[in-house]
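Only one structure is covered here, and it is reproduced in the block below.
The values are calculated or read from the model by the stated rules, or taken from the named source; none is laboratory data. This is a predicted model, so every value here is computed, not measured. FYI the Cβ positions are ideal-geometry reconstructions off the backbone, even for glycines, and counts take in every protein chain you see. These accessible areas exclude ligands, DNA and RNA; they are computed on the full protein's heavy atoms, side chains included. Shrake-Rupley method; radii C 1.70, N 1.55, O 1.52, S 1.80 Å.
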Amino acid sequence: MDALARYEPIIPEFDAFLEACERHLPTTVRVNSIKATRDRVVDALEAEGIDVYGRDWNSDVLGVATGKPGKTWPYVHGWIHGQEEVSAVPPAILDPQPGEVVWDSCAAPGGKTTQIAAAMDDEGLVVANDDNLGRLSALRANCDRLGVTSAAVTNTDARRATLDPFPGVDAFDRALVDAPCTCEGTVRKNADALEGAGASASRNLAALQSDILERAIELTREGGTVVYSTCTFAPEENEAVVDDALADGDCRLLEFDTGLESSPGITEWNDETYDDSLTKTRRYYPHQNDTGGFFAAKLEVTA
Amino acid sequence: MTDDDSGSSESDDRGDSGIDYFRRNRSGQFDRLPETEGDRMVEGRPSREAVVDWWVDRFAVPEDTFADYTLWEKGKGKVWALPYDLEGPVPVEALGLKLLRTRQEHWKPTTDAVQRFGRAAEQNVVVLEEDRARRFLAGDDQELDWDGDWGYLVVAHELAGGVEPIGVGLYTYGELTSMVPKGRRRDL
């Protein structure tokens, strides 16, 4: 937990935060509305003797009293997807609509891709990209099992992605940049998550994160929405990256409320200051909703 | 036998030019199916009409099941469905959901398509009791008293107040063979 000590000045109730990071994460699943309703999922899980409890902010997220939701009929049928609760936040903020063309720039293993497709009633086009060929098979397998028809899977470096493979598509309506990051916020499910974490690891990733976000803004139409998210606490990978994008001038931050407790993004970190509007971004801490940690920003493309 | 997309060893013949280029099936991209046999440019490629008719004839799904989808071929005979109108070719890893394998004597639906669209099937559907459903999911073959067609069936079971397709079974000589791909088999 030493890697987290540097966040004491910015995280409220820091002791409660550290204590939450040591606790095991509850097992949650997301109801896949492409194939099932919440009621049928609850019925089928309870018929297998598994207790299910709802979560207030999102009716499709369910806590399950089993460590192995993958060994159930609802999983086999693609009615549910094992997904950490807070990782269901970015697609909810993105709010994609049926018929739109949406980019998921760093999509594997596909929990958010499939959630985006479900939010669109599986109508339209979700371009699900990942540069890692090994992880692409997990992305494809999840899309298949969940019955997603609206996804096109690509294997390119998101920084250099184009719309060329899709004749007739001029721009994305929305884009999600769920960026590669130091993953500090996953420490509750992976005790090794903090190995190698720290300010210098974060600064090393920031250039890549900025380049992907910049590309997403370029490929999204004026008036379109770009969501930037990470599962880390590091301001170098969060507010600093969004601040960079704002400085380029083709976007502005929007406020949002998911219904989960969260803290505003910060505007000062060590020797740096960020644009005042960074307070519109949100930080999700483990002790606030009993989840992993997350950061999310919602941007409107203005040019 | 599984419905994994194992790719194809066909050579990439992008070096060709002229109309012959368009008349070949290439493995690295998705091409739109022709509407009818009469519109066909690539030999052996099934038409959209033939694919839709096959689902209707075989499983009695509603005729408008694929009305909002464009249909595509990648590799020899693998047909995919996408709920978006694009011109081809589309050079990507996956485009929509793989529906079936054509270009062979008996066309074979995929597990994913049967799970996604098979709920509306009214013909060639076998509903298994719970213990048989579990054995089917585990990949076991089993004897079956079935007086319907031979060939590929939608195999389903009762779950949470409805009949839910599990996958594809092949019925021959009184036996139901599980076509559930190895990676999807489970011992529940």
Accessible-area value, residue A:157, 1.4 Å probe, nucleic acids and ligands omitted, Å² | 40
DSSP beta bridges in the protein assembly as shown: the antiparallel percent, rounded to 5, is 75
Given charges of +1 on the Cβ of Lys and Arg and -1 on the Cβ of Asp and Glu, with all other atoms neutral, how large is the dipole of chain A about its Cα centre, in debye to the nearest 20?
-> 1140
What's the buried accessible area, both sides, between A and B using a 1.4 Å probe, rounded to 100 Å²?
-> 3000
Relative contact order of chain A, defined on C-alpha pairs under 8 angstrom at six or more residues apart (%) | 18
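Averaged over peptide A:151-161, how many Cβ atoms belonging to another chain are found within 10 Å of each residue's Cβ?
Mean number of neighbouring Cβ atoms from other chains: 3.
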Work from the charge dipole of the range B:19-108 (Cβ charges, +1 for Lys and Arg, -1 for Asp and Glu, about the Cα centre) and give the residue of B:55, B:41, B:77 farthest towards its positive end.
-> B:77
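Mind running the shape call on chain A? Use the C-alpha gyration tensor, a ≥ b ≥ c as the square roots of the eigenvalues: rounded below 1.5 for a/c, prolate if a/b tops b/c, oblate otherwise.
Numbers: a/c = 1.74, a/b = 1.10, b/c = 1.58.
It comes out oblate by the Cα gyration axes.
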What does the accessible area of residue A:183 come to, in Å² to the nearest 10, when a probe of 1.4 Å is used?
-> 50
At least 24 Å along the helix axis (C-alpha) and Kyte average at least -0.5, DSSP helices within chain A = A:199-219
If unit charges are put on Cβ atoms (+1 for Lys and Arg, -1 for Asp and Glu) and the dipole of the protein assembly as shown is taken about its Cα centre, the option from A:187, A:166, A:249 lying farthest towards the positive end turns out to be A:166
Add -39500 (n - 2.57) for each DSSP H run of 4 or more in chain A, then divide by its residues: what number comes out at 222 nm, to the nearest 500 deg cm²/dmol?
-> -8000 deg cm²/dmol
Under a 1.4 Å probe, counting only protein heavy atoms, residue A:256 has an accessible area in Å², nearest 10, of 40
Per the helix-only model, chain B has a calculated mean residue ellipticity at 222 nm (DSSP H runs of ≥4, -39500 (n - 2.57) each, divided over all residues, rounded to the nearest 500) of -5000 deg cm²/dmol
Test assert for the range B:129-177: residues whose accessible surface shrinks by at least 40 Å² between chain alone and all chains, 1.4 Å probe, equal B:159, B:160, B:164
Among rounded, prolate and oblate, which fits the range A:72-112 when a ≥ b ≥ c are the square roots of the eigenvalues of its C-alpha gyration tensor, a/c under 1.5 means rounded, and a/b larger than b/c means prolate?
-> prolate
In peptide B:83-90, how many Cβ atoms from other protein chains are near each Cβ within 10 Å, on average?
-> 6
Measuring from centroid to centroid over Cα atoms, what is the spacing of the range B:52-77 and the range A:58-96 in Å?
-> 30
Quick note, the range A:26-83: a/c under 1.5 would make it rounded; otherwise a/b > b/c is prolate and the rest oblate (a ≥ b ≥ c, C-alpha gyration tensor); here it is rounded
Per residue, accessible area of chain A with a 1.4 Å probe, heavy atoms of protein chains only, in Å², comes to 38
Cross-chain or 8 or more residues apart, Cα under 15 Å: how many lysine pairs in chain B fit that? Count them up, please.
-> 6
Take the solvent-accessible surface of the protein heavy atoms, probe 1.4 Å, and return the percent of it on the protein assembly as shown that carbon and sulfur atoms account for.
-> 42
Could you do me a favour and compute the accessible area per residue for the range B:124-184, 1.4 Å probe, result in Å²?
-> 45
